[in-house]
Amino acid sequence: MKQGIILDLDGVICDTAEFHYKAWKRLAAEYDLLLTHEHNEQLKGVSRADSLKLILDWAGRVLNPEQFNRDLDRKNGWYLELVESMNSKDLLPGVRDFFERAVRYNIPLALGSASKNARLVLSKVGLVDAFKGIVDASTVTNGKPHPETFLKAAELLNVASENCIVFEDSLSGIQAAKAANMYTVGVGIPQDLPLADEYVSNLGNYDFQTYLN
Ligand code: B16
Ligand code: MG
C-alpha cells in the first residue's frame, strides 16, 4: 500500500523544462555548441552549476570561475524572463485533475525539485499550498541522482521510502528515486527514461486505482 506521492517540478507539473532548454540552448550557442534533445535529456534534473559543467565539457570550453558564475547568472536571467509571464494556466495537461484526485483520496503530496527557483514557479502557478512538504535545491546538500531530495521529501510526508511513489521526467531523478528505494513513474517515454517502473505521458493519465490497491 503506497501512502505518499513525491512530484518533481520542471517537466512534471509545468513546462519549465522547456524554458530551461531554451535558456541553455541560447548560452550553448555562444560556445558554438548546438544543444540537442539528447543533450537536454542529460541536463534534466541536474543542478544549474552541474548543467553548465556538462555543457562546457560538450563544447570543449573552459571558463574561469568569474566567467562561470557570470554565465550561470545570465542563463538564470533568461530562464526567469520566461517564468515571469507564467500563471495558473501554465500547468501541464492533467495536473489540476491530478491534484484534485489526490485531495479526494486524501493522499499527501511533497515536491522534490532540483531547482533554486521552485518556490517562485509554484507561486506563479498557484500551487505552493498544495504540498505538505517542499524540498528544493536550497534544502539539500547532494542533488539528483543522489537520493537526498526524495529521502527528505519522504521525511516531510512522514512516510517510509518504500511506500512513496515518485513522478519524474528526468534520468537523474529516476536514478535518485530508485536509490531512495521508491517506486517510480516516468513522465515521458521509455527511450528517455529507461529505468522507470511505469510511464504516463502526463499526470492526468495516472490511474489512482493502482495507488489505492
Ligand atoms: P534552477 P526539477 C531541475 O528542476 C531542472 O530539471 C533542471 O533542468 C535545472 O537545471 C535544475 O532544476 C536547476 O534549476 O536553475 O532553477 O535552480 O526538474 O528537479 O524540478
Ligand atoms: Mg524535472
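Quick notes
- Note on region 61-97: residues that are open to solvent by 70 Å² or more (accessible area, probe 1.4 Å) and over 23 Å from Asn205 (Cα atoms) total 12.
- A single member of Leu193, Leu111 is assigned to a loop (DSSP other than H, G, I, E, B) and open to solvent by less than 10 Å² (accessible area, probe 1.4 Å), and it is Leu193.
- Selection from region 34-51 of residues that are without any contact (Cβ under 8 Å) to a residue 24 or more places away in the chain and under 19 Å from Asp136 (Cα atoms): Leu43, Ala49
- Hits in region 18-58 (condition: in contact with an Asp or Glu (Cβ under 8 Å, 6 or more places away or on another chain) and among the small types (Gly, Ala, Ser)): Gly45
- Residue within region 98-108 that is closer than 24 Å to Asn76 by Cβ and open to solvent by 20 Å² or more (accessible area, probe 1.4 Å) present: no
- Qualifying positions in region 157-190 - of a type in the set (D, E, K, R) and assigned to a loop (DSSP other than H, G, I, E, B): Asp169
- Some residue of region 175-187 being within 12 Å of ligand 1 (Cβ to nearest atom), open to solvent by 10 Å² or more (accessible area, probe 1.4 Å) and within 18 Å of Val95 (Cβ to Cβ): yes
- Enumeration of residues in region 32-74 that are in contact with a helix residue (DSSP H, G or I) (Cβ under 8 Å, 6 or more places away or on another chain), closer than 27 Å to Gln191 by Cβ, more than 15 Å from ligand 2 (Cβ to nearest atom) and of a type outside the set (A, V, I, L, M, F, W, C): His39
- Set Ala29, Ala49: member being assigned to a helix (DSSP H, G or I), open to solvent by 40 Å² or more (accessible area, probe 1.4 Å), among the small types (Gly, Ala, Ser) and more than 21 Å from Asp192 (Cα to Cα): Ala29
- In this structure, Ala137 does satisfy being surrounded by fewer than 18 Cβ atoms within 10 Å (Cβ to Cβ), in contact (Cβ under 8 Å) with a residue 60 or more places away in the chain and in contact with a Ser or Thr (Cβ under 7 Å, 6 or more places away or on another chain).
- Close pairs (9 angstrom Cβ cut-off, 6 or more residues apart or separate chains): modelled with pLDDT of 95 or more in region 59-81, among the β-branched types (Val, Ile, Thr) anywhere: Arg61/Ile55; Tyr79/Thr16
- Region 149-172, residues that are within 16 Å of ligand 2 (Cβ to nearest atom) and not aliphatic (A, V, I, L, M): Thr149, Phe150, Phe167, Glu168, Asp169, Ser170, Ser172
The values are calculated or read from the model by the stated rules, or taken from the named source; none is laboratory data. Note that the coordinates shown come from a computational prediction; the quantities given were computed from them, not determined experimentally. Quick reminder, even Gly has a Cβ in these numbers, built from the backbone with ideal geometry, and neighbours come from all protein chains shown. Surface accessibility is based on the protein's heavy atoms, side chains included, excluding ligands, DNA and RNA. Shrake-Rupley method; radii C 1.70, N 1.55, O 1.52, S 1.80 Å.
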